[in-house]
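Down below is the structure, laid out as structure tokens.
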Amino acid sequence: MPFTLPSRTPSGPRRRTLLASAAGAFALAGCSTAEPSTTETSGGGPSAADRARARAARDSRALAERYAAVITAYPSLAERLRPLRAEVVRHTAAFESGSRASGSPSPSASASESAVAAGATPAPSATVPATEKDALKELASAERTLADQRAKALLDVPGELARLLASVAAAGAAHAYLLTEGTK
């Protein structure tokens with residue numbers, strides 16, 4: 001009897017698996033509390049955890065601005081992109097609230113957080129690709145890159161922040177998948 005291959009082989013993780021892991025990641029992120037910084041640098045400067053948290057908040061704000069720029073340029077994508085952008089805004093708030101809880105608020109954090117949450121128009125420097133398909137690919141690439149950076153950074157930070165970074169990285173990977181689904 002000859003060996004036959006199945007008619008369709010899955011080419012990656014299943015949608016259900018990604019969505020379930022993203023939902024679990026959001027649940028974990030929602031249950032986290034701020035952890036005191038214990039790795040102060042000499043001279044009383046911000047700890048490595050505080051710097052990582054501030055960088056993650058800044059990266060999330062920039063990603064939310066990219067989403068806003070694409071939504072502004074391509075209103076037909078708004079329904080698809082608004083929920084993903086809303087999650088990115090929540091990630092920004094999670095990183096910034098932990099930063100405030102540890103006593104090192106960013107001077108521009110609250111102003112930019114409210115601008116991002118309100119759906120402010122992106123800065124003119126935000127460039128948008130010429131086609132919707134390219135814009136989605138660019139967003140997916142940005143999500144993937146940021147997820148990879150956060151996955152690497154979580155090795156150098158304490159427990160709660162590491163869990164938050166892992167959760168947000170998982171969500172970013174799910175966003176990248178959702179952005180590329182159906183565009184191939």
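The values are calculated or read from the model by the stated rules, or taken from the named source; none is laboratory data. It should be emphasised that the depicted structure is a prediction, and the values quoted were computed from it without experimental measurement. For the accessible areas, the whole protein counts, side chains as well, though only heavy atoms, and no ligand, DNA or RNA atoms are used. Shrake-Rupley method; radii C 1.70, N 1.55, O 1.52, S 1.80 Å.
Listing for the model above:
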quantity	calculated
Qualifying positions in the stretch 44-80 - hydroxyl-bearing (S, T, Y) and either modelled with pLDDT under 95 or farther than 13 Å from A142 by Cα (or both)	S47, T72, Y74, S76
Which numbered condition A93 fails, given (1) in a helix (DSSP H, G or I); (2) at pLDDT below 95	(2)
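A quick yes/no check of all residues on (1) among the aliphatic types (A, V, I, L, M); (2) closer than 14 Å to A57 by Cα; (3) open to solvent by less than 10 Å² (accessible area, probe 1.4 Å):
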position	(1), (2), (3)
A151	yes, no, no
V157	yes, no, no
E160	no, no, no
V168	yes, yes, yes
A174	yes, no, yes
Y177	no, no, no
E181	no, no, no
